[in-house]
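Working notes for the structure below.
The values are calculated or read from the model by the stated rules, or taken from the named source; none is laboratory data. Computed from a predicted model, the values in this text were never measured in an experiment. Cβ placement follows ideal geometry from the backbone for every residue including glycine, while neighbour counts extend to all protein chains displayed. We work out accessible area using only protein heavy atoms, side chains counted, and drop any ligands, DNA or RNA first. Shrake-Rupley method; radii C 1.70, N 1.55, O 1.52, S 1.80 Å.
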Amino acid sequence: MHTHDAVDRGHDLVLEHFRWIDDAADTWTMLRSADALAGIVAGLAALVEDARPDVVVGIESRGFVLAPPVALTLGVGFAPVRKDGALFPGPLVERTTDRDYRGNRRTLSARRDLFAAGQRVVLVDDWIETGSQALAVADLVADAGADLVGVAVVVDEAGPGARAALPMLRSLVRSSELDAGRRS
């Protein structure tokens, strides 16, 4: 499957399987179908393959679900980013985020030894709003000596400030494409 075809298929599968529950975004249901999960993962991988990553990072929790299969698809490894003091052995790099869309700050941590100087890193996640977590990941990856070279998300709701501060940000869908279902 060509890159463009994989992205288009991922886009269509998100729109088909995404839903709103009590005015809250449900990104878990779209992962329930094996076909949708495979198509979404292939689409995310296609979004960042030209960044030539050495490692894919994912923030817990949905990033832990999406990033490892994207890493496998790209033939590279996975490095987890934990939230708020979760146990992690070894020396860490940590960053506290700016406020997210709920007004919360999070402390993100990653093991320093999972990155090497000059490595090209991409972040995979389900949704980006303010970009606070992605920007914190960029800082902690840089502190470990690597470079965040791209971000791939299922749903993009990032504003101009986050978009300007992050490297290549690509998505399968824009949040505006999902809004019609919110009003139904």
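Laid out as a table, the results:
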| quantity | calculated |
| --- | --- |
| Nearest-ten-degree value, helix 132-143 long axis tilted from longest Cα axis of the chain | 30 |
| Amide proton proximity set for Leu92, modelled H, under 5 Å, gap of 5+ | Arg112 |
| Whole-Hz ³J(HN,Hα) from phi, Karplus 6.51 cos²θ - 1.76 cosθ + 1.60, for region 108-115, glycine and proline x | 9, 9, 9, 6, 4, 6, 8, 10 |
| Residues with amide H under 5 Å from that of Thr130, placed H, sequence gap 5 or more | Tyr101 |
| Solvent-accessible area, 1.4 Å probe, carbon plus sulfur percent, for the chain | 49 |
| Rel. contact order, % - alpha carbon contacts under 8 angstrom, at least six apart, the chain | 21 |
| For Thr96, net neighbour charge (Lys/Arg +1, Asp/Glu -1) across residues whose Cβ lies under 12 Å away | 0 |
| Cleavage-rule hits, trypsin sites (Lys or Arg not before Pro), region 134-184, DSSP coil, Cβ neighbours within 10 Å at most 16 | Arg183 |
| For region 1-96, accessible area per residue (1.4 Å probe, heavy atoms of protein chains only), Å² | 50 |
| Coil-residue trypsin sites (Lys or Arg not before Pro) of region 22-111, DSSP, other Cβ within 10 Å capped at 11 | Arg32, Arg99, Arg102 |
| Tilt relative to the chain, helix 34-48 - C-alpha long axis, 0 to 90 degrees, to 10 | 50 |
| Other-chain or far-sequence residues with amide H under 5 Å of Arg106's (modelled H) | Thr97 |
| Most fluctuating residue given options Asp23, Asp113, Asp126, as computed from a GNM of the chain linking Cα atoms under 10 Å | Asp23 |
| MRE, 222 nm, helices only [DSSP H, n ≥ 4, -39500 (n - 2.57), over the chain, to nearest 500] | -10500 deg cm²/dmol |
| Point-to-point label distance, Ser61-Phe88, nm (Cα→Cβ direction, 7 Å offset) | 1.9 |
| Separation between Cα centres of region 31-79 and region 112-160, rounded to whole Å | 13 |
